[in-house]
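Before any comments, here is the structure.
The values are calculated or read from the model by the stated rules, or taken from the named source; none is laboratory data. The structure presented is a predicted model; accordingly, all values stated were derived computationally and were not measured. Methodologically, a virtual Cβ is constructed for each residue, glycine included, from the backbone with ideal geometry; neighbour enumeration extends over all protein chains shown. For the accessible areas, the whole protein counts, side chains as well, though only heavy atoms, and no ligand, DNA or RNA atoms are used. Shrake-Rupley method; radii C 1.70, N 1.55, O 1.52, S 1.80 Å.
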Amino acid sequence: MSAATAAIADIPGVRHLGSGKVRELYEVDGKLLLVASDRISAYDYVLESPIPDKGKILTQLSLWWFGQLTDLVPNHLVTTDPAMFPVELRDHKDLLSGRSMLCERLSMIEIECVARGYLTGSGLSEYDERGTACGIALPPGLVDGSRLAEPIFTPAAKAAVGEHDENIDFAETVRRVGSDLANEIRELTIAIYRRAHEIAAGRGIILADTKFEFGQRADGTVVLADEVLTPDSSRFWPADLWEPGHPQPSYDKQYVRDWLTGPESGWDRKSGEFPPPLPEDVVERTRARYVEAYEKLTGSKFE
């Protein structure tokens, strides 16, 4: 856990609500404080080796995307300025700066909203078995990395930390949240994906798929929450290297996964043993990949 994440746990008046693979969640003054650590996970393990600045990169990229989407959907952000945080946090602004968001408290919709514009990952696995992705029939002849004629909504039921989310079909989504809300989050998910795909394409990046989380205000308004369109929640591919038929290079933790499953790590994914620490060069290259994604998408240098 990064210093910023650990340091606020015992601040009077701040209640720790829980830990995710990357984020820490706190309640303060009726609002939520999300703090992004530098932790990285792979194959459902949170690794011992942090990626320096990863939490800041994810937070700053989410903020940039919120700004691109304000006309499509409201978001949960109140402020990222530590000087505007509740008084309990003001003495910790150096630790929180750049990696934290003070947010509205929402009633979260327990559906992971996934949009896919290309076939890969778990969608490809189902397609190879049954010709479908989350129950949606797809045309024959598609391969890993194929672009779909239209983006599709492939929701998942949220699972506990350390467990896999369960892919579900739209009928099950309706059963869980009701027809009106299911249709609204499906339409929002596809609309946001289309906007983001267009923006990324203009910067030489393919947004293959992504996932969103939504909550509701007391009046029923659906609000975009958590992180959005980061390398942790999305598959970003270099457009000039896109070649369907095999796994694509990506702007995420690919170096980490490749090293862990390669011969140098000595780790057997099926052993049940915890993965070993990452070598310094893998940490550096992974950080560089996150920074590159941020800078290509936003057009700004990461400071």
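Simple rule: put +1 on each Lys or Arg Cβ and -1 on each Asp or Glu Cβ in the chain, find the dipole, and look at H246, T230, G262; the Cα lying farthest toward the positive end is T230. For the chain, a crude dipole built from +1 on the beta carbon of Lys and Arg and -1 on the beta carbon of Asp and Glu, taken about the Cα centre, is about 360 debye to the nearest 20.
Here the contact order of the chain, divided by its residue count and restricted to Cα pairs under 8 Å and six or more residues apart, works out to 19 percent. Per-peptide packing, taken as the mean over residues of other Cβ atoms within 10 Å, places 76-88, 205-217, 288-300 in the sequence 205-217, 288-300, 76-88 from highest down.
The charge dipole of the stretch 75-212, taken about the Cα centre with unit charges on the Cβ atoms of Lys, Arg (+1) and Asp, Glu (-1), comes to about 380 debye, rounded to the nearest 20. Based on C-alpha pairs under 8 angstrom that are at least 6 apart in sequence, the stretch 133-279 has a relative contact order of 18 percent.
For I206, the residues 5 or more places off, or on other chains, whose built amide H falls under 5 Å of its own are W237, A239.
With all protein chains kept in place, the per residue accessible area of the chain amounts to 46 square angstrom at a probe of 1.4 angstrom.
Could you tell me what percent of the accessible area of the chain is made up of carbon and sulfur, with a 1.4 Å probe and every protein chain present? Answer for the chain: carbon and sulfur cover 48 percent of the accessible area. Each of R147 and E166 was given a label point 7 Å from its Cα along the Cα-to-Cβ line. The distance between the two points is 3.6 nm. Extension gain, R217 to K93, is 41.8 nm, computed as 0.36 nm per intervening residue step minus the present C-alpha separation. Averaged over residues, the count of other Cβ atoms within 10 Å places the peptides 114-123, 180-189 in the sequence 114-123, 180-189, highest first.
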